[in-house]
Amino acid sequence: MTEDPAAGPHVSIDAIAARFERCAATIGVVGLGYVGLPLCLAATEAGFAVVGFDIDADKPAMLMRGETYLEHIPAPAVAAMAGSGRFRATTDFDGLAQVDAILICVPTPLTRQREPDLSFVRTTTQEIAKRLRPGQLVVLESTTWPGTTDQVVRPLLEALTGYRSGSDFFLAFSPEREDPGNRAFSTATIPKIVGGDGPAAARLAEALYAPFVARTVMVSSTATAEATKLTENIFRAVNIALVNELKVIFDAMGIDVWEVIEAAKTKPFGFTPFYPGPGLGGHCIPIDPFYLTWKAREFGIATKFIELAGEINQQMPGFVLDKLIRALDTHAGRGLSGSRILIVGLAYKKNISDIRESPALRLWSMLEARGARVAYHDPFVPAVPATREYRTLQGARSVALTDGTLASFDVVLIVTDHDAVDYPAICGSAWIVVDCRNALRSRGLTAKIVISA
Ligand SMILES: NC(=O)c1ccc[n+]([C@@H]2O[C@H](COP(=O)([O-])OP(=O)(O)OC[C@H]3O[C@@H](n4cnc5c(N)ncnc54)[C@H](O)[C@@H]3O)[C@@H](O)[C@H]2O)c1
C-alpha cells in the first residue's frame with residue numbers, strides 16, 4: 001500500500017495529483033463485473049497497485065487464482081494481473097481505508113416498477129463512508145441520472161463522515177463506455193469523460209485516469225458527465241427503435257430493411273447505420289434511458305422519444321413470434337403448440353455470454369407459453385444461469401449443432417449471431433430458419449426456408 005497522502009483535513013492536491021501521474025498510488029475498484037474487471041486490468045497494466053472489492057466471494061477468489069469469469073477477458077491477462085504483485089481482490093471492505101482512489105462500478109438496475117434502483121450505489125457509498133479518510137478520491141462510474149453524484153453520493157459521504165467534498169475528500173463522476181466483446185476498443189483506448197465536484201476533484205480525477213486511458217475529456221460538472229453517458233445510450237436506444245420500426249413497415253411492403261441499410265450507409269455524410277433486431281438486451285440500453293425519464297418527471301417534462309423507443313423495442317419479440325408462427329403455418333402446415341424450436345444465440349449480443357435482459361429469454365418464455373418445446377444453442381452459454389425473471393429456465397443446457405439435432409427442430413430461430421456458430425450446418429440441416437440478425441445472408445449463406453424477422 002502507498003503511504004498516507006495527507007494526514008488531517010488539509011490535503012495537498014499537488015502531492016496527490018503527482019502520485020496519480022506517476023502511477024504511484026493504490027486504486028480500489030468496487031464491483032468486479034463487466035466494468036470493474038477491465039478497469040482493474042488497465043490500471044494494473046499501467047503500473048498502479050489495485051485492490052478489487054466485490055460482495056460476490058467467487059469473483060475475488062477466481063481472480064486471485066488467475067481465472068476469468070468473463071469470456072472476453074482472457075485468463076492469461078487475469079493471471080498476469082494476479083501475478084504482478086500489484087493486484088489483490090477481496091470481499092473485505094476494510095481495505096478501502098488504505099487506497100488512494102475508489103472507483104465505484106456497481107449495478108444500477110431498474111426496480112420492478114421500472115424506477116432507478118440506486119440501492120447498490122447507496123450501500124457502497126455507506127461502506128466507503130465507514131472508512132473514508134482525508135485526501136481520498138471517490139469516483140462513481142455506474143450509469144445513473146444526472147445529479148446522483150451531487151445529490152446522493154456527496155450528501156451521504158458528508159453526513160456520515162463530517163468531511164467536506166472538495167477540501168477533505170474529492171468526488172467525481174466518470175462514466176464507463178465499455179463495449180464487451182468489441183475487439184476494436186478497450187478500457188485503455190476509449191476516451192474517458194470526467195466531471196469533478198469542484199476544480200480540485202476534476203484535477204485529481206484527470207490525473208488518475210490519464211496514465212491508463214487514451215484520453216480524458218473534461219466536462220464542467222458531475223451532472224454533465226452523468227448526462228453525457230445517458231445521451232450516448234439514449235441515442236442508441238432511439239436509433240435502434242427507429243430501424244426496428246422501419247423493419248416492420250418495410251416487411252409489410254416486401255422490402256428488405258437490411259438491403260436498405262446497406263445501401264443508405266454508402267452515403268458519406270449525415271447517416272449512421274443502426275441495425276434492427278429481436279429487441280434490446282443487456283444492462284445498459286434497455287435500462288439507462290429510464291433513469292433520465294424518472295429524473296425528468298421532477299421537472300415536469302415528459303421524455304416522449306425515450307418512451308416511444310422503449311415501446312417499439314419492447315414490441316420486437318412479439319413481431320418475431322408472429323413471423324415464426326406464420327412461417328410454421330405457411331411452410332410446415334402446423335401451429336406452434338407442440339412444435340420444436342431451437343433458439344440460436346441466447347446472449348443479448350454477439351460474442352459474449354451476458355444474458356441479462358436478453359430478448360432470447362423473453363422469446364423462449366413466449367414460445368413455451370404458446371405450447372412450443374424450446375431448446376437452445378449458444379457457444380458462450382453452456383447452461384442457463386440464475387435470472388430473476390426466468391427461474392424455470394435455469395440449468396437448461398446448450399445443445400450441440402449436429403445434423404441430427406438440427407433436423408429434429410421445426411424452426412431454428414437465430415436470435416443472436418455469434419461468430420462461433422456453425423451456420424453452414426444450420427443451412428444444411430434446418431428446415432425453417434427465422435433469422436433476426438441477417439446472420440445467414442450476411443455470410444453469403446442460405447437455407448431451405450429463411451424468414452427475416
Ligand atoms: N456492462 C456494460 O457493458 C456497461 C457499460 C457501461 C456502463 N455500465 C454500467 O456500469 C455499472 C456496472 O455494470 P456491470 O455491467 O459491470 O455490472 P456487473 O453486474 O457485471 O458487475 C457489478 C459487480 O458489482 C458487484 N456488487 C454488487 N453490489 C456490490 C456492493 N455493494 N459492493 C461491491 N460489489 C458489489 C456484483 O457482485 C458484480 O460483480 C452499471 O451502472 C452499468 O450500467 C455497464
Top-ranked residue of the range 143-167 - restricted to ones that are more than 18 Å from residue 127 (Cβ to Cβ) and among the charged types (D, E, K, R), ranked as farthest from the ligand (Cβ to nearest atom): 164
Close pairs (8 angstrom Cβ cut-off, 6 or more residues apart or separate chains): farther than 18 Å from residue 54 by Cβ in the range 109-130, in a loop (DSSP other than H, G, I, E, B) and acidic (Asp, Glu) anywhere: 110/117; 111/117
Restricting the range 174-202 to residues that are within 14 Å of the ligand (Cβ to nearest atom) and of a type in the set (A, V, I, L, M, F, W, C), the residue that is surrounded by the fewest Cβ atoms within 10 Å (Cβ to Cβ): 185
Residue satisfying all of: in the range 341-368; of a type in the set (S, T, N, Q) and modelled with pLDDT of 95 or more; farthest from the chain's Cα centre (by Cα) among these: 365
Strands (runs of 3 or more DSSP E) contained in the range 19-131 and holding at least 3 residues buried (at least 19 other Cβ atoms within 10 Å of the Cβ) and in contact with an Asp or Glu (Cβ under 9 Å, 6 or more places away or on another chain): 26-30
Check on residue 131, farther than 30 Å from residue 234 by Cβ, among the charged types (D, E, K, R), modelled with pLDDT of 95 or more and in the same structural domain as residue 208 (by TED's automatic domain parsing): yes
Within the range 292-315, considering residues that are under 20 Å from the mean Cα position of the chain (by Cα) and within 15 Å of residue 247 (Cα to Cα), the one surrounded by the fewest Cβ atoms within 10 Å (Cβ to Cβ): 314
Number of positions in the range 374-392 that are surrounded by 15 or more Cβ atoms within 10 Å (Cβ to Cβ) and more than 20 Å from residue 317 (Cβ to Cβ): 2
The range 86-128: number of residues that are of a type in the set (Phe, Trp, Tyr) and either within 14 Å of the ligand (Cβ to nearest atom) or not assigned by TED's automatic domain parsing to the domain that holds residue 168 (or both): 2
Exclusive hit being more than 19 Å from the chain's Cα centre (by Cα), surrounded by fewer than 18 Cβ atoms within 10 Å (Cβ to Cβ) and closer than 21 Å to residue 322 by Cβ, set 395, 371, 404: 371
Index of the failed condition, residue 261 passing every other in (1) more than 18 Å from the chain's Cα centre (by Cα); (2) closer than 19 Å to residue 175 by Cα; (3) part of a helix (DSSP H, G or I): (2)
Of all residues in the range 416-429 being in contact (Cβ under 8 Å) with a residue 40 or more places away in the chain and not acidic (Asp, Glu), the one that is surrounded by the fewest Cβ atoms within 10 Å (Cβ to Cβ): 420
Qualifying strands (runs of 3 or more DSSP E) (wholly inside the range 312-425; at least 3 residues being of a type in the set (Asp, Glu) and assigned by TED's automatic domain parsing to the domain that holds residue 179): none
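The values are calculated or read from the model by the stated rules, or taken from the named source; none is laboratory data. Computed from a predicted structure; not experimentally measured. FYI the Cβ positions are ideal-geometry reconstructions off the backbone, even for glycines, and counts take in every protein chain you see.
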